Amino acid sequence: MKIFWSDFAKETLKDIYSYYKDVAGIKIARKIRNEIYEATRQLTTYPDSGQIEELLLSLNAGYRYVVTKNYKIIYRVDDDKILITDVFDTRQNPIKINNPKRNK
């Protein structure tokens, strides 16, 4: 299976990178970005390895997640591809995970 990133997830990852670049430096920003990418690698072989995202069950889209550090990497499996839809900072209010932009 191949991994694809939604525009929303790409933008979220850019925001995370930019934030850490400004507050902690480029080295830390790269490290965090790489850890997020690394956490998704297992999905190509084991797409169902992530836990079901209970907060998104009402969307009936089969959302799952894997965790690295403070981030939930939200994804779903569509036929022969894995779509990363969000990188959610778990320090936020969990209700914010229901962002409608995720589905675009």
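In this structure, the residue pairs whose Cα-Cα separation is over 23 Å, taken from LYS27/LYS96; LYS31/LYS69; LYS31/LYS96; LYS31/LYS72; LYS2/LYS27; LYS2/LYS96, are LYS27/LYS96; LYS31/LYS96; LYS2/LYS27; LYS2/LYS96.
Taking other C-beta atoms within 10 Å as the exposure proxy, SER18, SER6 rank SER18, SER6 from fewest upward. Here the mean projected area of the convex hull built on the C-alpha positions of the chain is 6.3 nm². Length available on full extension from ASN93 to MET1: 0.36 nm per residue minus the Cα-Cα distance, which gives 29.9 nm. Rounded to the nearest 0.05, the FRET efficiency derived from the C-beta distance between GLU11 and LEU59 at R0 = 22 Å is 0.65. Straight-line cross-link partners of LYS81 among the aspartates and glutamates, defined as a Cα under 15 Å from its Cα and at least 8 positions apart when in the same chain: ASP48.
Comparing mean-square fluctuations of LYS72, LYS14, LYS27 from a GNM of the chain with C-alpha springs under 10 Å, the top value falls on LYS27. Where only DSSP H runs of four or more residues are counted, the chain gives -10500 deg cm²/dmol as its mean residue ellipticity at 222 nm, each run worth -39500 (n - 2.57).
Here the alpha carbons of the range 26-80 define both size measures, Rg and Dmax, at 12.5, 39 Å.
Here, each number is a calculation from the coordinates, and none is a lab measurement. Since the model is a prediction, treat every value here as computed from it, not as a measurement. For neighbour counting, all protein chains shown are included, and Cβ atoms are generated from backbone atoms with ideal geometry for every residue, glycine included.
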